[in-house]
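Some notes on the structure that comes next.
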Amino acid sequence: MNLSKQKNERKLFLAQRYFYAGFAFLPFVWAINAVWFYKEAFMTPPYAEQQDIKKYVIRSGFGAILWAAALIAWNIVFQTNRVAWGETGDDLSFVIPQGRP
């Protein structure tokens, strides 16, 4: 979809929808929202709905970064402690590596 062909009210509606969709544990939607509407929020001439779009773009970007950081942190903790967690670590694994720890 080409955002330049959309009315400003529709752009705001879409940015708002994508922001709220991210709360359904879909942080990728937040990342898409932040990237897709970035130019519209920060680089186009000002219009009435732009402030609200900017708010959703900033919050979506922050949410996506926060989710990415949490996912990376969990991955590091899990990879370094899986063997020490014993059976619980094995239960959390999809593939249990063969060999010595």
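Read-outs throughout are calculated quantities, based only on the coordinates presented, and are distinct from any laboratory measurement. Worth saying up front: this structure is predicted, and the values here are computed from it rather than measured. No Cβ is skipped: glycine too gets one built from the backbone with ideal geometry, and neighbour counts run over all protein chains shown.
Summary table
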read-out	value
Theoretical gain in end-to-end length, Ala24 to Ile58 [0.36 nm per residue, Cα-Cα removed]	10.4 nm
Bins of 5 Å, starting at 0 and running to the largest distance - Cα pair percent for the chain	2, 13, 19, 15, 10, 9, 8, 7, 6, 6, 4, 2, 0
The chain: DSSP helices with Cα axial extent of at least 18 Å and average Kyte-Doolittle hydropathy no lower than -1.0	8-21, 50-81
Net charge dipole size for the stretch 3-92 [Lys, Arg +1 and Asp, Glu -1 on Cβ; Debye, nearest 20]	600 debye
Loop chymotrypsin sites (Phe, Trp or Tyr not before Pro), the stretch 1-35 (other Cβ atoms within 10 Å of the site Cβ: 16 or fewer; DSSP)	Phe23, Phe25
Value at 222 nm in deg cm²/dmol, rounded to 500, when DSSP H runs of n ≥ 4 in the chain each add -39,500 (n - 2.57)	-21000 deg cm²/dmol
Set of aspartates and glutamates with alpha-carbon distance to Lys11 below 17 Å, sequence-local pairs under 8 removed	Glu40, Glu49, Asp52
Relative contact order for the chain, counting Cα pairs under 8 Å that sit 6 or more residues apart, in percent	23 percent
